[in-house]
Amino acid sequence: MKAMILAAGRGERMRPLTDSEPKPLLEVAGSSLIEHHIQALYRAGIRDIVINHAWLGDKIEQRLGNGEQFGVNIVYSAEQTALETAGGIRQALPLLGTEPFLVVNADIWTDFPLIQLVNNVKKWINSTFWAHLLLVPNPKHHSEGDFCMRGEDDIRVYEKGVYPDSPCFTFSGIGLYHPKIFYYLDEGPQALAPVLRALIREQHVSGEVYDGDWFDIGTPQRLAEINDYLTEK
């Protein structure tokens, strides 16, 4: 299986830290965010990684190189301007191949064992389900969540409000996808959320909830908070 790390965001809310450093290279517990993900992918048995970049992307390439130092093979999908999530994946399809692949947002930190997704890819991605999302309990800054699940026996993901009594969760930024989702998208910037909602309405999306450590590193305050948390842990 191949994986893609999404690393093209400008990180506006992280300024001034991201004025001279791409957000994926910001450090948590002595390691950059993107290196943490590469190491996690390696532990999961993934050796082929695609990384997209836009803002200060040359610094990412200089830091990571071809991945040899991590025991993986890294190729890059450079974007002249950030194409957003779905647009970035669409551009990288020739590098990702024709089999289901794993996607991880660079600007999160988690201890979720990615091997759980790798080992179960045939269960999650099949003729019924074209995408599988890792969901997490809602953080304080996103209390309403993104998507809902009805219970342990129903792995389908639902839009908010379809079943009012169903608990809602936040999308972690980690998912499995079949490339056919992106084949027919137009080229250019395109968000992932509308694509997922369309698939959810057609009942093509499964999910699971992870209750372990997960952080959205969206602001300097949250970056400080996770460093404090991991120092004290």
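Projecting the Cα positions of Pro94, Ile217, Ile74 onto the charge dipole of the stretch 2-232 (unit charges on Cβ atoms of Lys, Arg, Asp and Glu, taken about the Cα centre) puts Pro94 furthest along the positive direction.
Using all pairs of distinct alpha-carbon atoms, the Kirkwood hydrodynamic radius of the stretch 189-233 works out to 13.6 angstrom. Within the straight-line cut-off of under 17 Å between alpha carbons, the aspartates and glutamates reachable from Lys123 are Glu99, Glu152, Asp153, Asp154, Glu208, sequence neighbours fewer than 8 places apart in one chain being disregarded. Residues Asp146, Asp58, Asp165, ranked from the fewest to the most other C-beta atoms within 10 Å, line up as Asp165, Asp58, Asp146. Close amide H partners of Met4, meaning residues 5 or more places away or on another chain with modelled amide H under 5 Å apart, are Val50, Leu102, Val103, Val104. Scaled against 2.2 N^0.38 Å for its residue count N, the alpha carbon radius of gyration of the stretch 44-145 is 1.20.
Highest mobility in the GNM of the chain, judged by mean-square fluctuation with C-alpha springs under 10 Å and restricted to Asp48, Asp153, Asp111, is found for Asp153.
Applying the Karplus relation 6.51 cos²θ - 1.76 cosθ + 1.60 with θ = phi - 60° to the stretch 184-195 yields 3J(HN,Hα) values of 9, 6, 5, 6, x, x, 7, 6, 7, 3, x, 5 Hz, where x marks Gly and Pro. Each peptide in 21-30, 94-103 receives the mean, over its residues, of other Cβ atoms within 10 Å, and ordering these scores from highest gives 21-30, 94-103. Over all projection directions, the Cα-based convex hull of the chain averages an area of 12.3 nm². If both residues of a DSSP beta bridge must be in the stretch 2-232, then about 50% of such bridges are antiparallel. Karplus-derived 3J(HN,Hα) values for the stretch 30-47, using 6.51 cos²θ - 1.76 cosθ + 1.60 with θ = phi - 60°, are x, 9, 5, 3, 6, 5, 4, 5, 4, 5, 5, 5, 4, 5, 7, x, 8, 10 Hz; glycine and proline are entered as x. Potential lengthening of the chain between Asp165 and Arg15 amounts to 50.1 nm, from the contour at 0.36 nm per residue minus the alpha-carbon distance. When the square roots of the Cα gyration tensor eigenvalues are ordered a ≥ b ≥ c, the ratio a/c for the stretch 1-106 is 1.5 or more and a/b does not exceed b/c, which makes its shape oblate.
Among the chymotrypsin sites (Phe, Trp or Tyr not before Pro) within the stretch 203-233, not one is in coil by DSSP while having at most 11 neighbouring Cβ atoms inside 10 Å. 3J(HN,Hα) couplings calculated from phi for the stretch 102-114 with the Karplus curve 6.51 cos²θ - 1.76 cosθ + 1.60 (θ = phi - 60°) are, in sequence order, 9, 10, 10, 5, 5, 9, 10, 9, 8, 9, 4, x, 4 Hz; Gly and Pro show x.
The overall shape of the stretch 43-93 is oblate: from the C-alpha gyration tensor, with semi-axes ordered a ≥ b ≥ c, the ratio a/c is 1.5 or greater and a/b is no larger than b/c.
The stretch between Asp228 and Arg43 holds 64.1 nm of extra length on full extension. This uses 0.36 nm per residue minus the Cα-Cα distance. Summing charges over all other residues whose Cβ lies under 12 Å from the Cβ of His204, with Lys and Arg as +1 and Asp and Glu as -1, gives +3. Near Leu56, once Lys and Arg are set to +1 and Asp and Glu to -1 for all other residues with Cβ below 13 Å from its Cβ, the sum equals 0. Amide H to amide H distances under 5 Å link Ile108 with Ile217, where only residues 5 or more positions off or on other chains count and H is placed in the peptide plane.
Sorted ascending by nearby beta carbons within 10 Å, beginning with the fewest, Cys148, Cys168 become Cys168, Cys148. Each label point was placed 7 Å from the Cα along the Cα-to-Cβ direction; for Gln221 and Ile155 their separation is 3.8 nm. For the cross-link pairs Lys2/Lys23; Lys23/Lys160; Lys59/Lys140; Lys23/Lys140; Lys2/Lys160; Lys59/Lys122, the ones whose C-alpha atoms lie over 25 Å apart are Lys23/Lys160; Lys59/Lys140; Lys2/Lys160; Lys59/Lys122.
We did not get these values from a lab; they are worked out from the coordinates using the rules stated. Keep in mind that this is a model prediction, so the values were computed, not measured. As a convention, Cβ positions derive from the backbone with ideal geometry for all residues, glycine included, and neighbour counts pool all protein chains shown.
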